[in-house]
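The values are calculated or read from the model by the stated rules, or taken from the named source; none is laboratory data. Quick caveat, the model's predicted, so the values are computed rather than measured. Quick reminder, even Gly has a Cβ in these numbers, built from the backbone with ideal geometry, and neighbours come from all protein chains shown. The protein model used for the area step is the full one, side chains on, heavy atoms only, and it has no ligands, DNA or RNA in it. Shrake-Rupley method; radii C 1.70, N 1.55, O 1.52, S 1.80 Å.
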Amino acid sequence: MIIIKSPREIELMREAGRVTALALEEAEALVKPGVSTKFLNDEIDRIIREQGGRPAELGYYGYPASVCISVNEVILHGIPSAKKILRDGDIVSLDLVVEKNGYMGDACRTYPVGICGERSLRMISIAKEAFEHAVSFVKPGAHVGDISHAIEEVAKKYGCSVPRDYTGHGIGSSMHEDPYIPCYGTPGTGPILREGMTIAVEPMILEHRNAVRVLGDGWTVVAKDGGLTSHYENTLVVTKDGYDILTRR
Ligand code: MF3
Ligand code: CO
């Protein structure tokens with residue numbers, strides 16, 4: 001069941017989204033060679049709480065940290081660790097969900113660490129381009145398949161692929177709601193978007209093949225072929241004639 005949010009609920013989503021965007025912006029300045037992913041996790045946790053929010057990933061199905069921090073071939077759900085030190089040339093994605101006053105904002109960015117080569121910067125820009133292309137289709141009457149197809153189209157254009165088992169999603173008072181928004185699909189298929197729906201659109205990009213594997217910790221998802229990965233996500237609301245992004249200034 002897809003929940004249509006009231007204007008009051010959308011205002012609450014906007015506030016959760018504001019805190020999400022702020023935490024990402026402040027964290028970006030801390031991404032440098034030599035810092036641990038645990039340090040970034042703790043700083044983001046502090047920023048979220050200072051803003052009256054709660055890091056909603058902490059404890060979600062037992063997830064043990066406040067943020068998912070995924071480096072290079074790790075595409076999703078990297079668990080921050082004091083032992084994982086960022087190195088010059090890495091790319092790192094910060095994926096966080098903020099709950100404030102009962103509503104959620106979910107966003108992810110992939111950042112370069114120090115000086116990155118063309119190969120890494122390209123991955124970052126492909127995820128962003130896939131997002132921008134996908135959301136250009138968002139308006140009442142559009143189908144979820146239009147968004148999904150647009151993501152896959154951009155990935156393919158660069159010889160990249162998308163995971164099959166991890167998707168974008170509706171979001172509201174719960175982190176994950178209907179509809180599920182895969183990163184691949186067929187235009188004109190799937191649920192129809194309506195004004196007041198709130199969704200998280202999240203292109204996840206694999207450099208080469210789409211096969212992934214979950215590590216023994218039960219969370220960390222990596223590209224099986226060891227290629228680079230990138231991820232870009234925002235929470236948005238479907239408006240009368242398009243969309244409004246809630247997790248970006
Ligand atoms: N933030 C992820 C998403 O984009 C979900 C993280 S799962 C968690 O949907 F367990 F780590 F919280
Ligand atoms: Co999400």
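Laid out as a table, the results:
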{"quantity": "Gyration tensor verdict on the chain (Cα atoms; rounded if a/c is under 1.5, prolate if a/b is larger than b/c, oblate otherwise)", "calculated": "oblate"}
{"quantity": "Estimated dipole of the chain in Debye, rounded to 20 [Cβ of Lys and Arg +1, of Asp and Glu -1, Cα centre]", "calculated": "200"}
{"quantity": "Listed residues ILE48, ILE126, ILE85, most fluctuating in the chain (Gaussian network, C-alpha, under 10 Å)", "calculated": "ILE85"}
{"quantity": "GNM top mover of LEU76, LEU228, LEU121 - the chain, alpha-carbon springs below 10 Å", "calculated": "LEU121"}
{"quantity": "Solvent-accessible heavy-atom area per residue, rounded to whole Å², over the stretch 7-245 at 1.4 Å", "calculated": "40"}
{"quantity": "Ellipticity estimate at 222 nm from DSSP helix runs (n ≥ 4, -39,500 (n - 2.57)) divided over the chain, nearest 500", "calculated": "-9000 deg cm²/dmol"}
{"quantity": "Surface share of carbon and sulfur [accessible, 1.4 angstrom probe, percent] for the chain", "calculated": "52"}
{"quantity": "Charge sum, other residues only, whose C-beta stays under 14 Å from ASP178's C-beta, Lys/Arg counted +1 and Asp/Glu -1", "calculated": "+1"}
{"quantity": "Full-extension gain in nm, ARG8 to SER136, via 0.36 nm per residue minus C-alpha separation", "calculated": "43.5 nm"}
{"quantity": "Farthest positive-ward along the chain dipole, Cα basis, beta-carbon charges - from THR186, ILE3, ASN210", "calculated": "ASN210"}
{"quantity": "The chain: DSSP helices with Cα axial extent of at least 15 Å and average Kyte-Doolittle hydropathy no lower than -0.5", "calculated": "7-28, 118-135, 144-157"}
{"quantity": "Where a label projected 7 Å from the Cα of LEU30 along Cα→Cβ would reach, residues of the stretch 102-129 with amide N under 18 Å", "calculated": "107-114"}
{"quantity": "Test item: Cα-centred dipole of the stretch 1-141, Lys/Arg +1 and Asp/Glu -1 on Cβ, debye", "calculated": "100"}
{"quantity": "Candidates GLU50, GLU202, GLU177: whichever shows maximal mean-square fluctuation once the chain is modelled as a Gaussian network with Cα springs under 10 Å", "calculated": "GLU50"}
